Amino acid sequence: MCTGRVDLRFILRALANGNDGVFVGGCWLGECHYITEGNYDALSLMHLAKKILEYLGLNPDRLRIEWLSASEGVRFAEVMNDFSAQIKSIGRLGEAEGLDHMELCRRLDQATQLVPYIKIAKRAKLAMRLSKEEEYLSLFSTEEVEQMFDEAPSYYIDPEKCYACMICRNRCPVQCISGDRSRIHVIDQEACIRCGTCLKVCPPRFGAVQKLIGEPAPPPLPEERRLLRKGKGEKSEEPAA
Ligand code: SF4
Ligand code: SF4
């Protein structure tokens, strides 16, 4: 698989599946076979992933990216032996960091849920092409990653204001809003990628979508309370007083 295909979710999944480290090996920078030069994308992604591991309380040295051409068999063996020894010296994932299994899973799960948001929030930096490899070391700072997690938004539809106009449901890129002309709309928080589209498209006269920072969205309205007054969503564009 091309290193350009490596996704943050793959790295987190490998760790959640019990692996103590993740190694990414790719073609040398400047030697990509494709114009996309995905190895630069992998490089910035790995530096972001290291900062995320740090934020989660895990040793960032559990991740390594190296450049290896197909003809460098000896170097490949050396690098793999070295990485293997490094991971052994760090110790078991979580245990070495003083985290019990439940807490480790909770943290990895939290980060995995935020992957789409992280990719949106950091897309400009992830797409950057820096002239020197060393410059990637400072591409992401500890503070900005902390801020990214602390300020991860949740979106919530206020049932008192939703007019079931269906605009947000039709525009949500991952179809995670349910509702119809007669039912108050609800966001599936597990599936929401926090893109903010619903907030942008909800007509200001309704203003039903709220952006919450640093707090989880309230639980969804029970199904039996989602029915709007008959004809409300069809007869008028204005919410009831
Ligand atoms: S924030 Fe984006 S993904 Fe989440 S409900 Fe709104 S439109 Fe859908
Ligand atoms: S766009 Fe606003 S009013 Fe319309 S269904 Fe969505 S949340 Fe409700």
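Every number here is computed from the coordinates shown, using simple stated rules; none is lab data. A quick note: this is a predicted structure, and the numbers were derived from the prediction, not measured. No Cβ is skipped: glycine too gets one built from the backbone with ideal geometry, and neighbour counts run over all protein chains shown.
Students often get this wrong, so check it: of K88/K119; K132/K200; K51/K200; K122/K161; K51/K88; K50/K132, which have C-alpha atoms separated by over 28 Å?
As for pairs spanning more than 28 Å Cα to Cα, those are K88/K119; K132/K200; K51/K200; K122/K161.
What does the extension gain come out to for L68 and R171, with contour length at 0.36 nm per residue minus their alpha carbon separation?
Values: separation 103, 0.36 × 103 = 37.08 nm, distance 4.33 nm.
Going from the current span to full extension adds 32.8 nm.
Rounded to the nearest 10 degrees, what's the angle between the helix 73-90 long axis and the longest principal axis of the chain, both from Cα atoms, 0 to 90?
Tilt of helix 73-90: around 70 degrees.
Using amide H atoms built in the peptide plane, which far-off residues or other-chain residues are under 5 Å from H185 H to H?
The list, which skips near neighbours in sequence, is A164.
In whole angstrom, note down how far apart the Cα centers of the stretch 58-100 and the stretch 175-222 are.
42
Once both labels are modelled 7 Å past Cα along the beta-carbon direction, what's the S138-L212 spacing in nm?
Result for the modelled spin labels: 3.9 nm.
Hey, what do the phi angles of the stretch 61-68 turn into as Karplus ³J(HN,Hα) couplings, whole Hz, using 6.51/-1.76/1.60 and θ = phi - 60°, x for Gly and Pro?
With the stated coefficients, the stretch 61-68 comes to 6, 6, 10, 9, 10, 9, 9, 8 Hz.
For the chain, can you list the cysteines whose C-beta has no other cysteine C-beta under 4.7 Å from it?
Lacking a cysteine Cβ partner under 4.7 Å: C2, C27, C32, C105, C162, C165, C172, C176, C192, C195, C202.
Quick one: Karplus J couplings for the stretch 195-200, per residue in order, coefficients 6.51, -1.76, 1.60, θ = phi - 60°, nearest Hz, x for Gly and Pro?
In residue order, the calculated couplings are 7, x, 4, 4, 5, 5 Hz.
Go through the stretch 150-158 residue by residue and turn each phi into a ³J(HN,Hα) via Karplus (6.51, -1.76, 1.60, θ = phi - 60°); whole Hz please, and just put x for glycine and proline.
Values per residue, Gly and Pro as x: 5, 9, 4, x, 10, 10, 9, 9, 6 Hz.
What is the sum of charges around C195, taking Lys and Arg as +1, Asp and Glu as -1, for the other residues whose C-beta is under 11 Å from the C-beta of C195?
Values: positive: K119, R171, R194, K200; negative: none.
That works out to +4.
Evaluate the relative contact order of the chain (contact order divided by residue number), counting alpha-carbon pairs under 8 angstrom at least 6 apart; express in whole percent. It would help to have the intermediate numbers written out before the result.
Working: 312 pairs, mean separation 42.4, N = 241.
Over the chain, the number comes to 18 percent.
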